[in-house]
Amino acid sequence: MKVMVLAAGRGARLRPITDSLPKPLVQLGGRCLVEHQLLALAAAGLRDIVMNVAWLGDAIIDHLGDGSRYGVQIDYSREQPGELDTGGGIVQALPRLGDAPFAVVNADVFTDFPFERLPLMRPAAQDDIHLVLVPNPPHKSRGDFSLEAGRLIRTAQAHTFSGIGVYHPRLFKGLAPGRRSLADVLFAAVDAGRASGELYRGRWHDVGTHESLQALRQAHG
């Protein structure tokens with residue numbers, strides 16, 4: 001299974017750190033955020049990586065190289081900063097991802113989710129997406145989705161999307177290139193009844209603010 005690692009974001013909430021350092025290269029626990037992801041994916045046997053880059057993308061490419069020192073092979077999809085948003089980035093990378101279901105993982109989450117589960121999460125024949133949800137973090141009282149017998153629904157919004165999911169490429173085929181929110185694409189799949197999911201209660205942190213980064217550094221070095 002191919003895995004797309006989303007690494008093109010500006011990281012505006014982590015400014016001024018991200019004015020000169022792309023968010024995926026922020027240090028946590030002795031490694032960059034994205035290095036934690038790549039090593040975990042390699043350990044799970046998932047070595048075929050597509051990574052989109054935009055803001056300070058050359059710094060990411062220079063640091064990670066072809067990925068071989070992490071046990072993976074990285075195929076970079078370059079974007080202009082702020083041009084595509086997450087959904088548009090996936091649409092642009094679609095030719096690199098092939099015709100089989102693929103996984104997508106945010107580069108800026110710190111988690112112990114067992115990535116070896118990703119190939120087992122392929123959407124059922126009638127579905128386009130399978131998302132991993134997590135309990136709403138303390139700072140977020142309202143989530144993104146709820147689960148009902150393994151189906152994603154938008155009422156109650158009891159859980160938060162983890163940034164980890166498996167997608168059938170038909171979800172994006174036919175979408176015009178350009179700026180597009182991934183949330184809009186996912187909501188459409190849920191509203192059409194073509195979305196399943198699961199709840200993960202293990203370690204998961206969105207490294208999106210100075211407060212969250214500081215707390216994680218205190219806990220993990």
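Taken together, the values in this text are just the output of simple stated rules run on the coordinates, not laboratory data. This structure is a prediction, so every number in the text was calculated from the model and none was measured. For neighbour counting, all protein chains shown are included, and Cβ atoms are generated from backbone atoms with ideal geometry for every residue, glycine included.
Once you list every other residue whose beta carbon is under 14 Å from the beta carbon of residue 158, what net charge do they have if Lys and Arg are +1 and Asp and Glu are -1?
Charge balance near residue 158 sits at +2.
Could you work out, for the stretch 131-221, what percent of all Cα-Cα pairs fall into each 5 Å distance bin, beginning at 0 Å and stopping at the bin that holds the largest distance?
3, 12, 22, 21, 16, 13, 9, 4, 1, 0
When the chain is treated as a GNM, springs tying every alpha-carbon pair under 10 Å, which of 169, 16, 177 comes out with the largest mean-square fluctuation?
16
Lysines near residue 140 by alpha-carbon distance under 27 Å, same-chain residues fewer than 8 away left out - which ones?
Candidates past the 8-residue exclusion: 23.
For residue 2, which aspartates and glutamates qualify as cross-link partners when the Cα separation must be under 19 Å and same-chain residues fewer than eight apart are set aside?
35, 48, 66, 75, 99, 108, 116, 127, 128
In what order do 121, 4, 51 fall by count of nearby beta-carbon atoms within 10 Å, going from fewest to most?
So the ranking, lowest neighbour count to highest, is 121, 4, 51.
Test of understanding: given the chain, find the longest segment containing no trypsin sites (Lys or Arg not before Pro) that are in a DSSP loop and have at most 15 other Cβ atoms within 10 Å.
1-139
How far is the Cα center of the stretch 125-202 from the Cα center of the stretch 43-76, in Å?
25
Provide the FRET efficiency to the nearest 0.05 for the residue 100-residue 142 pair, computing r from the beta carbons and using R0 = 35 Å.
Approximately 0.55, to the nearest 0.05.
For residue 215 and residue 126 in the same chain, what is the full-extension length gain: residue separation times 0.36 nm, less their Cα-Cα distance, in nm?
Full-extension gain reported as 27.9 nm.
Would you mind estimating how fast the stretch 76-132 diffuses translationally, via Stokes-Einstein at 20 °C and 1.002 mPa s with the Kirkwood radius over Cα pairs, in µm²/s?
D = 160 µm²/s.
Report, largest value first, the span of the C-alpha coordinates of the chain along each principal axis, in whole Å.
For the chain, the Cα spread along each principal axis is 42, 38, 32 Å.
Relative contact order (percent) for the chain, with alpha-carbon contacts under 8 angstrom and 6 or more residues of separation?
Relative CO of the chain lands at 25 percent.
What residues of the stretch 18-34 lie in the reach of a label at residue 10, counting those whose backbone N is under 17 Å from a point 7 Å from the Cα along Cα→Cβ?
Under 17 Å, as judged by backbone N against the label point of residue 10, lie 18-24 of the stretch 18-34.
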